[in-house]
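Below is one structure, written out as structure tokens; comments come after it.
Just so you know, all these numbers are worked out from the coordinates, no wet-lab data involved. Just so it is clear, the model here is predicted, and its values are computed rather than measured. When we count neighbours, we look across all protein chains shown, and the Cβ atoms used for this are built from the backbone with ideal geometry, even at glycine.
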Amino acid sequence: MEGRSLFLGLIGSPYESDMFTTASRLVDETVRRRHHVTVWACGYSTALTLRGLGDSRPRNPWSWDTVYPSTAAVVQGMLAYADGRLEWLVCRFCAEERGSTDQMPGVRIEPPANFQRRALAADVCLMLGVK
């Protein structure tokens, strides 16, 4: 593995703030600099990568012709160009509790016990969405 490793925890509701935008920009830049990133989604962040989200968000009536990618499409794109330097993990407990177990290809569901192990193994650990 080249470079350093970042563990990025996404905790809670990703839609009440710009948490996903912040996370995707951090992941993108870190991967582009040839570092390894592990994203761990907990709470309602487990819904960011659901298979059923498809490639685009629902249309905006005020900008009908503009197509915006879904969060799942953004993550799928990052996984594709990361060349193995990005892991997107979903907490099993949170996913099961919220009905978010049908994840898109490339996203792994892991037991909650792996959270601490992965966080401690990283060079840098950053949590988003926690007060």
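List of remarks:
- Checking every residue in the stretch 47-60 against the condition of being among the aliphatic types (A, V, I, L, M), within 15 Å of Met127 (Cα to Cα) and over 11 Å from the mean Cα position of the chain (by Cα) gives zero matches.
- The residue that is surrounded by the most Cβ atoms within 10 Å (Cβ to Cβ), counting only those in the stretch 11-30 that are in contact (Cβ under 8 Å) with a residue 60 or more places away in the chain and either in contact with an Asp or Glu (Cβ under 6 Å, 6 or more places away or on another chain) or not in a helix (DSSP H, G or I) (or both), is Pro14.
- Of the candidates Ser45, Ser24, Ser70, Ser56, the single residue that is touching a Lys or Arg at 6+ places or on another chain (Cβ under 6 Å) and of a type in the set (S, T, N, Q) is Ser70.
- Residues of the stretch 31-71 that turn out to be in a helix (DSSP H, G or I), loosely packed, with under 11 Cβ neighbours inside 10 Å and hydrophobic (A, V, I, L, M, F, W, C), as a count: 1
- Qualifying residue in the stretch 31-40 (condition: more than 16 Å from Asn114 (Cβ to Cβ), touching a residue at least 60 places away in the same chain (Cβ under 8 Å) and of a type in the set (S, T, N, Q)): no
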